[in-house]
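The values are calculated or read from the model by the stated rules, or taken from the named source; none is laboratory data. None of the values given here were measured: they were computed from a predicted structure. Glycine gets a Cβ as well: all are built from the backbone with ideal geometry, and neighbour counts include every protein chain shown.
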Amino acid sequence: MKNIETIAIRTQTERSSSNEHSAPIYLTSSYVFEDAEDMRSQFAEEKEGHIYSRYANPNVDEFIQKLTLMEGAESGWATSTGMAAVFSCFAGLLKCGDHIVSSRSVFGSTHKLFTEVFPKWGIETTYVDSDDLTGFENAIRPETKILYIETPSNPALDILDLEAIGTICKKHSILFAVDNCFATPVLQRPIEFGADIVIHSATKYIDGQGRTMGGAILSSSKVIEQIKAFARHSGPALSPFNAWVLSKSIETLPLRIERHSENALKIAERLEKHPSIKSVRYPFLTSHPNYELAKKQMSLGGGIVSFEIKGGIEAGKQFLDGLKMFSLTANLGDTRSIATHPASTTHSKLSPEERGEVGITDGLVRLSIGLENCEDIWQDLEDSLTFLNVK
Ligand SMILES: *Cc1c(COP(=O)(O)O)cnc(C)c1O
């Protein structure tokens with residue numbers, strides 16, 4: 001088995017007759033067959049081939065093959081967005097009457113699927129607090145098919161015990177799905193700890209440059225076949241152009257993630273000492289309640305730092321307004337440092353009580369630490385905090 005940096009760079013599935021070094025973009029909606037028999041056998045799935053770009057495309061194949069190998073999975077399926085991956089996973093595997101157990105702290109749109117979309121089709125979800133291992137086990141019913149978590153979670157940065165939850169899922173013969181968006185396979189490979197399914201929003205670190213959207217599901221061939229059967233006919237396909245961009249992006253993912261993590265740790269340590277800051281959350285800070293667990297299952301802490309500013313909601317907003325270099329934007333995992341205020345943006349659709357339950361206070365600020373020079377990143381944060389002068 002090659003190492004992850006080599007897989008990221010050297011996995012190339014197609015080369016045309018021009019023998020190009022870098023993969024070309026296959027902008028085509030369909031593919032021609034050699035004759036009627038070739039056409040028949042491909043439609044019958046007796047013979048491998050590209051039929052139509054809603055089903056398969058060489059650029060999409062290359063992208064998903066890289067992620068499959070990097071996550072240590074058997075197979076994978078690429079989607080147009082991260083949410084299309086989350087949705088296709090459940091829609092492909094579940095039916096009316098099935099039940100999901102999920103950690104409470106999940107991405108805002110995933111929460112909407114669980115609470116508003118899936119109940120329309122008779123699929124219920126039970127939430128459990130991140131640290132409550134007994135709660136996870138107790139929430140499992142005979143109808144439970146999937147246990148779903150995010151670790152580190154967005155934006156509270158909870159760290160959940162992959163190995164312990166994996167053991168519970170095995171015991172009850174249910175599928176264990178992990179949204180690995182924040183860590184990427186560079187820092188954490190959930191399958192090694194017992195996960196059955198890994199989900200990605202490729203929009204974040206995998207692209208890493210704020211250009212395209214994309215998603216992926218990695219799992220066993222058996223699970224992917226089921227998801228494929230749904231996705232081929234419902235159409236959440238990744239575009240060839242975006243797949244090409246994402247596959248190129250993956251070549252530098254290991255390098256980028258290392259620097260994101262290095263910068264983020266430095267910033268987290270400095271923020272923790274600042275008099276205007278109430279508390280800082282970062283997986284690799286010794287003050288993180290699950291620091292030991294983070295060290296066990298992640299190789300570095302990742303690029304996201306969240307903190308609670310003294311002075312609540314007003315101070316939080318003024319702090320964002322005082323930043324000169326940081327971008328105020330909804331994305332994360334970009335080369336450019338980004339600051340957001342989850343209570344008024346990504347999680348604004350949740351009620352204040354629901355936000356409280358997932359650890360999102362009014363003064364919580366989420367930073368996605370970019371790849372600018374770390375001293376310049378710190379200067380921007382420090383200037384805004386000094387100007388604010390809350391103690
Ligand atoms: C952004 C995000 C998603 C959704 O991905 P999109 O590409 O925006 O659809 C899912 N999970 C997590 C943890 C995310 O941060």
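The table below lists the values:
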quantity	calculated
Candidates ILE227, ILE250, filtered to the one that is away from the ligand (no atom under 12 Å from the Cβ) and touching a Lys or Arg at 6+ places or on another chain (Cβ under 6 Å)	ILE250
Count - residues of the stretch 117-126 that are within 16 Å of the ligand (Cβ to nearest atom) and out of contact with any Leu (no Cβ under 9 Å at 6 or more places or on another chain)	1
Residue satisfying condition, being within 25 Å of ASP161 (Cα to Cα) and within 16 Å of the ligand (Cβ to nearest atom), within set GLY215, GLY208, GLY235, GLY194	GLY215
Within the stretch 366-391, tally of residues that are out of contact with any Pro (no Cβ under 7 Å at 6 or more places or on another chain) and closer than 22 Å to THR110 by Cβ	2
Pairs with Cβ under 6 Å, 6+ apart, first in the stretch 163-184 and within 19 Å of GLY72 (Cβ to Cβ), second of a type in the set (Ser, Thr, Tyr) and part of a loop (DSSP other than H, G, I, E, B)	THR184/TYR205
Odd one out for SER103, checked against (1) modelled with pLDDT of 95 or more; (2) under 21 Å from GLU357 (Cα atoms); (3) away from the ligand (no atom under 13 Å from the Cβ); (4) touching a helix residue (DSSP H, G or I) at 6+ places or on another chain (Cβ under 9 Å)	(3)
Every pair of residues 6+ apart whose Cβ atoms lie under 9 Å, when the first sits in the stretch 217-230 and is closer than 19 Å to PRO185 by Cα while the second is of a type in the set (Phe, Trp, Tyr)	ILE217/TRP77; LEU218/TRP77; SER219/TRP77; ILE224/TRP77
Test for LYS66: is it out of contact with any Pro (no Cβ under 7 Å at 6 or more places or on another chain), within 14 Å of the ligand (Cβ to nearest atom) and basic (Lys, Arg)	no
Residue identified as touching a residue at least 40 places away in the same chain (Cβ under 8 Å) and out of contact with any helix residue (DSSP H, G or I) (no Cβ under 7 Å at 6 or more places or on another chain) among GLY82, GLY72	GLY82
